[in-house]
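A quick write-up on the structure given underneath.
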Amino acid sequence: MYTSIIKNILKIPIVITITIFGLIQFSNAQENKWISIFNGKDLDGWTIKFSGHDIGKNFRDTFRVENGMLRIVYDNYTNFEEAYAHIFYKEKLSNYKLKFDYRFTGKQVLNSEIWNIRNSGIMFHSQSPESMYFDQDFPASVENQLLGGLKDGKKRPTGNICTPGTDFQIQGIRMQKHCYRSSSKTYFGDQWVSAAIEVRSDKSIKHFINGNLVYEYDNTRIIPGEEDSAHFIKKPIPLKDGFIALQAESHPIDFKNIMLMKLEE
């Protein structure tokens with residue numbers, strides 16, 4: 001009997017070891033593989049925040065799922081009414097790749113800013129929707145800005161960087177303007193464009209358009225804002241993680257094939 005008991009006791013650490021090893025294997029299996037974060041059927045896993053509205057309110061049915069696409073549309077609007085909005089993916093992330101396809105469609109809603117024609121973006125390293133104040137237009141974040149060509153035919157690259165409440169470095173030089181243009185070509189009309197970002201905390205960030213590297217930088221930070229703002233800080237703070245959010249700022253845009261790959265730290 002005692003021999004049997006001893007044998008059973010000796011089995012316990014082996015089972016624990018195998019279980020832990022299995023969990024490690026499972027965790028590693030989730031890394032370096034593409035997963036879809038938009039199911040093409042509904043907005044499960046995503047949270048909407050409009051400026052001037054409570055979290056979760058889909059003002060005028062702006063965000064929709066149609067034909068497997070996540071669409072931002074304005075057919076229920078007569079005026080834009082400063083209805084800046086973002087839809088946030090549920091998970092806070094630091095090291096990953098994100099890829100997606102997008103296209104601008106139709107016409108901009110009336111009474112919008114002229115600089116928002118065929119203008120949208122993917123925000124990342126963003127604050128959460130819950131931490132935004134009620135009438136905040138843009139989350140503190142880094143933006144992979146998406147632009148479409150205009151009728152004037154001028155160069156208007158996409159995959160740019162904009163910095164609402166943030167800044168970054170290139171080769172040790174601190175870049176402090178709000179937006180910088182990438183090296184991408186200009187895409188006219190309602191054609192689909194493939195975009196991607198590779199984010200490694202605050203150490204290295206890359207923007208890709210149709211498979212080509214178009215912008216690269218590092219050392220992202222949250223920077224001091226207005227003293228009366230809801231999130232005033234006295235000195236810059238390294239920005240190493242945050243949420244992903246799709247932007248809605250007055251021009252219709254479609255997204256599909258939104259895929260995430262988590263990377264090892």
Report the residue count in segment 164-193 for those that are free of Cβ contacts under 8 Å to residues at least 40 places away in the same chain, surrounded by 13 or more Cβ atoms within 10 Å (Cβ to Cβ) and of a type in the set (Val, Ile, Thr).
1
Provide a single number: the residues in segment 86-113 that are in a loop (DSSP other than H, G, I, E, B) and touching a His at 6+ places or on another chain (Cβ under 7 Å).
1
Does Asp75 meet the test of being part of a loop (DSSP other than H, G, I, E, B), open to solvent by 50 Å² or more (accessible area, probe 1.4 Å), under 26 Å from Asp241 (Cα atoms) and without any contact (Cβ under 8 Å) to a residue 60 or more places away in the chain?
no
Kindly provide the set of residues from segment 43-62 that are part of a loop (DSSP other than H, G, I, E, B) and either open to solvent by less than 70 Å² (accessible area, probe 1.4 Å) or among the hydroxyl-bearing types (Ser, Thr, Tyr) (or both), ordered by number.
Leu43, Gly45, Ser51, Gly52, His53, Gly56, Asn58, Thr62
Strands (runs of 3 or more DSSP E) lying entirely in segment 182-265 (those with 2 or more residues that are closer than 25 Å to Ala140 by Cβ, in contact with a strand residue (DSSP E or B) (Cβ under 9 Å, 6 or more places away or on another chain) and at pLDDT below 95):
none
Matching residues, segment 114-134, being more than 15 Å from Ile244 (Cα to Cα), at pLDDT 95 or above and in a loop (DSSP other than H, G, I, E, B):
Ile117, Arg118, Phe134
Which of the residues that make up segment 51-84 are under 20 Å from Leu146 (Cα atoms) and touching a helix residue (DSSP H, G or I) at 6+ places or on another chain (Cβ under 7 Å)?
Ala83
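The values are calculated or read from the model by the stated rules, or taken from the named source; none is laboratory data. Source: prediction; values computed, not measured. As a convention, Cβ positions derive from the backbone with ideal geometry for all residues, glycine included, and neighbour counts pool all protein chains shown. Ligands, DNA and RNA are excluded from the accessible area calculation, which covers all protein heavy atoms including side chains. Shrake-Rupley method; radii C 1.70, N 1.55, O 1.52, S 1.80 Å.
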